Amino acid sequence: MEDKIKTIEIDGVEFPFNLDKAFEKDGHVYCRECEERIDSDPLNYLGNKKILFRRQCKCDREEESLRKVKEEADHIRRFKEECFLTSRNLNSCTFDKLIAPDRQEVIIARNFVKNFKELSKENNGLIFHGNVGTGKTYLAACIANKIIEDYQIRVKMRNIPQIINDIEKGGFDIDKNDYYRKLSSVSLLILDDFGIERNTEYVNEMVYQIINTRYESKKPTIISTNIPLDVIMNGSNDIDKERIYSRIREMCIPVKIVGKDIRTELGRKKLRKTRDLLLGDR
Ligand SMILES: [Zn+2]
């Protein structure tokens with residue numbers, strides 16, 4: 001369909017508009033949709049000349065705010081993809097799905113997000129410790145998702161064997177320092193399952209480099225681990241380990257994840273349903 005352009009004269013200045021989208025009334029032009037005036041007041045131009053411009057109407061403003069919302073959602077989606085990379089299912093972990101919102105570790109996690117800007121200035125991170133199956137990974141992922149949503153900044157969540165595997169896969173082609181730099185460039189790094197990696201001089205050196213580059217770039221790190229806290233806090237006789245632990249002690253505040261799993265009620269419902277299905281009528 002061809003646009004129907006009409007030009008009228010307002011205050012001696014020509015003003016073209018699309019008849020399909022606007023109409024003229026009493027010497028001014030109005031949007032057909034929202035009926036707001038779209039010709040601006042005349043502006044002086046080069047002293048003696050006047051110009052008019054098309055001003056935004058309600059439809060334009062709404063369109064723009066919609067575009068902004070969409071752009072923001074795109075950003076968040078991309079940041080989450082980059083954050084979880086190989087474990088995409090973690091991008092659905094959210095605080096509102098937790099079954100024990102009043103537990104201390106959940107409150108700490110929420111406050112970590114709320115005060116992230118302040119905490120990251122001081123390079124304050126967290127270390128989640130506790131038994132297997134208490135939901136440390138889940139809680140860390142809640143933090144990652146909320147920080148991405150609230151601040152639209154870059155977060156990476158990786159486990160150490162994954163990182164080591166990445167570096168090893170690269171062989172001689174990979175510039176390790178460049179790899180560490182990339183890890184340290186994100187606003188928040190979450191190292192999941194710290195301590196399950198092989199205990200060799202070679203691996204310990206890599207782990208040290210990862211943690212030390214975060215330390216030197218003064219950016220916060222969250223670590224989740226099954227290693228008992230006192231092992232990390234009391235200092236180790238193993239020089240390789242102690243080097244790593246002492247950096248962690250300087251950067252991370254211990255948070256104990258206690259008791260039963262804090263994961264979603266949804267997961268529990270699913271388990272109950274499965275159990276009922278398996279047990280059948282009794
Ligand atoms: Zn309009």
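Some observations on this one:
- Mean-position separation - Cα centroids, region 77-119 and region 1-30, in angstrom: 52 Å
- Over region 132-247, accessible surface divided per residue gives 45 Å², non-protein components excluded, 1.4 Å probe.
- Of all the options Asn212, Asn199, Asn44, the one that moves most in a Gaussian network model of the chain with Cα springs shorter than 10 angstrom is Asn44.
- Under-5 Å amide H pairs with Leu126, H placed in peptide plane, nonlocal only: Thr221, Ile222, Ile223, Ile253
- Note on Lys121/Glu149: beta-carbon distance plugged into 1/(1 + (r/R0)^6) with R0 of 22 Å gives a FRET efficiency of 0.60.
- 10 Å binning of all Cα-Cα separations within the chain, expressed as whole percents from 0 upward: 6, 22, 23, 13, 10, 11, 10, 5, 1, 0
- Across region 44-57, rounded Karplus estimates of 3J(HN,Hα) from the backbone phi angles (6.51 cos²θ - 1.76 cosθ + 1.60, θ = phi - 60°) give 6, 9, 6, x, 9, 8, 10, 10, 10, 10, 7, 9, 5, 9 Hz, Gly and Pro being marked x.
- Cβ charges +1 (Lys, Arg) and -1 (Asp, Glu), total dipole of the chain, debye: 1040 debye
- Looking at region 9-55, the accessible area is 71 square angstrom per residue; that uses a 1.4 Å probe and ignores ligands, DNA and RNA.
- Kirkwood Rh and Cα Rg combined as Rg/Rh, region 115-209: 0.98
- HN-Hα J in Hz across region 201-207 - Karplus 6.51, -1.76, 1.60, θ = phi - 60°, x for Gly and Pro: 4, 4, 5, 4, 5, 5, 4
- Percent RCO, i.e. relative contact order, over the chain, from Cα pairs under 8 Å lying at least 6 residues apart: 18 percent
- Selected from Val255, Val106, Val203 as most flexible by GNM, with the chain as the system and alpha-carbon contacts under 10 Å: Val203
- Estimated distance in nm for a label pair at Asn212 and His28, the labels positioned 7 Å out from Cα along Cα-to-Cβ: 7.0 nm
- Taking the 1.4 Å solvent-accessible surface of the chain as the whole, the part contributed by carbon and sulfur is 49%.
- The chain - share of DSSP beta bridges that are antiparallel (%, nearest 5): 45 percent
- For the options Ile51, Ile190, Ile210, a Gaussian network treatment of the chain with springs between C-alpha atoms closer than 10 Å singles out Ile51 as fluctuating the most.
The values are calculated or read from the model by the stated rules, or taken from the named source; none is laboratory data. Note that the structure is predicted; figures quoted are calculated from it, not measured. Cβ coordinates were reconstructed from backbone atoms using ideal geometry, including for glycine residues, and neighbour counts include every protein chain displayed. Keep in mind that these areas ignore ligands, DNA and RNA; they rest on the heavy atoms of the full protein, side chains included. Shrake-Rupley method; radii C 1.70, N 1.55, O 1.52, S 1.80 Å.
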